[in-house]
1. Would you work out the Kirkwood radius for region 60-174? I mean one over the mean of 1/r across all pairs of different Cα atoms, in Å.
2. Please work out the FRET efficiency for the pair Asp66 and Glu88, using the Cβ-Cβ distance as r and a Förster radius of 30 Å; give the result to the nearest 0.05.
3. For region 110-167, just the Cα set please: Rg and Dmax, both in angstrom.
4. Could you give the distance between the Cα centres of region 28-73 and region 77-115, to the whole Å?
5. Show me 183-190, 135-142 ranked by packing, highest mean number of other Cβ atoms within 10 Å first.
6. Quickly estimate the mean residue ellipticity at 222 nm for the chain, helices only: each DSSP H run with n ≥ 4 gives -39500 (n - 2.57), and the total goes over all residues, rounded to 500.
7. When you count, for each residue, the other Cβ atoms within 10 Å and take the mean per peptide, how do 2-8, 157-163 rank with the highest first?
8. Which one of Leu44, Phe138, His87 has its Cα pushed farthest toward the positive end of the charge dipole of the chain, where Lys and Arg give +1 and Asp and Glu give -1 at the Cβ?
Amino acid sequence: DEVKWYLWRKGNLLLSCGRAEEAKQFFARVIDIDPKDDASNTGLAQAQHACGETEAAIKTIQVVVDEFDAPPAMALLGDYHSAMGNHEIAEQWYQKTEAKMREELIVAGDAHAREVALFFADHNRNISEALSLATSDFDQRQDLYAHDTLAWCQYRAGNFEAAYVNIQIALKTGANDANLFYHAALICEKTGRQADAERWRKRMKEANPLFAPPLETLANTDQK
């Protein structure tokens with residue numbers, strides 16, 4: 001187990017900084033040991049997608065969905081189908097993800113609030129509920145990603161100045177996170193801070209040159 005964790009961790013670190021080809025090798029080594037390891041199959045799928053191998057990523061993440069019925073894997077499966085232009089199939093997986101997440105909310109309550117809020121915000125759905133869940137999560141723990149999640153949901157809801165306040169707090173922690181910088185860039189654009197937006201987009205690419213958020217075209221639309 002320690003060897004598997006080390007290999008997965010190394011792969012995850014490589015993936016997070018854009019070295020997806022190298023990351024695939026470490027995830028594959030775990031899978032050689034344990035073909036159904038959920039974390040490494042998920043990591044391998046993400047690395048494959050980052051390398052433009054989305055059809056392979058669909059097959060890999062399907063292993064996790066079939067074995068564990070896990071909402072994050074279902075969401076990724078939807079994203080990869082969406083990237084391939086299979087939008088009806090993607091929506092089916094998003095609906096399954098949402099249903100499963102709602103079941104977990106009933107059982108675990110606020111413990112899953114952040115996960116559900118991010119899924120809704122990332123996929124531009126149920127935004128009022130996403131904001132409510134992000135607020136509940138923030139009431140429980142005011143860490144870096146509580147501020148980031150709340151800012152992202154506020155952005156989606158059109159509360160751009162409030163989002164700016166929270167994203168600034170998250171950024172002050174010094175975290176080198178491409179997704180955080182992506183959120184910051186979009187929020188700065190909406191609040192008229194174009195120079196800051198460009199700076200955070202540059203930081204995003206420096207942190208992870210392969211970073212490409214799912215459904216980016218939706219993420220740049222005006223709020224509804």
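Read the figures in this text as sums done on the coordinates, not as results from a lab. Note that this is a predicted model, so its numbers are computed, not measured. Note: ideal-geometry Cβ built from the backbone for every residue, glycine included; neighbour counts use all protein chains shown.
1. On the way: mean 1/r = 0.0681 Å⁻¹.
14.7 Å is the Kirkwood radius here.
2. Numbers: r = 20 Å, r/R0 = 0.68.
Efficiency, from the Cβ-Cβ distance: 0.90.
3. 9.7, 27
4. 16 Å
5. Values: 183-190: 23.1, 135-142: 15.1.
Packing order, densest peptide first, comes out as 183-190, 135-142.
6. Working: 13 runs with 172 residues, N = 224.
The helix contribution divided over the chain gives -24500 deg cm²/dmol.
7. Values: 2-8: 14.4, 157-163: 17.0.
Peptide ranking by packing, descending: 157-163, 2-8.
8. Highest projection toward the positive end goes to Phe138.
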